[in-house]
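Below you'll find the structure, written out as structure tokens, and then a few comments.
The values are calculated or read from the model by the stated rules, or taken from the named source; none is laboratory data. Just so it is clear, the structure is predicted and the values come from calculations on it, not from any experiment. Note: ideal-geometry Cβ built from the backbone for every residue, glycine included; neighbour counts use all protein chains shown.
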Amino acid sequence: MNVPTDAPVAPSTPAAAAAAIDWYQAFCSEGANCFRFGLDDSGRAYIGSTLSPGEYVSDSVEALRALISAVKAGAADHLL
């Protein structure tokens with residue numbers, strides 16, 4: 001799920017890799033395409049696939065809320 005960008009990426013730290021994520025029940029659409037949402041103790045939000053449990057997108061709750069709102073508004077329709 002990692003998408004390369006032009007922005008520099010900070011190297012992973014052991015503390016970031018050890019975050020305890022509280023995952024909510026997976027949301028599944030047709031064909032077993034399941035995604036899950038989670039939060040950690042520091043308030044960061046996560047979106048991951050059930051097919052690759054160790055891979056996820058993480059950002060602030062506000063940033064992921066903006067992403068979901070944009071997708072719902074059709075900003076990613078050209079990818080379908």
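Looking for something modelled with pLDDT under 95, in a helix (DSSP H, G or I), among the basic types (Lys, Arg) and under 25 Å from ALA19 (Cβ atoms) - is there at least one such residue anywhere in segment 34-41? Looking through segment 34-41, none of the residues is modelled with pLDDT under 95, in a helix (DSSP H, G or I), among the basic types (Lys, Arg) and under 25 Å from ALA19 (Cβ atoms). Remark: pairs (first residue in segment 38-62, at negative phi; second residue loosely packed, with under 15 Cβ neighbours inside 10 Å and among the aromatic types (Phe, Trp, Tyr); Cβ separation under 8 Å; 6+ apart in sequence or on different chains) = GLY38/TRP23; GLY38/TYR24; TYR46/TRP23; GLY48/TRP23. Please work out if SER49 is of a type in the set (Ser, Thr, Tyr) and surrounded by 14 or more Cβ atoms within 10 Å (Cβ to Cβ). It is true that SER49 is of a type in the set (Ser, Thr, Tyr) and surrounded by 14 or more Cβ atoms within 10 Å (Cβ to Cβ).
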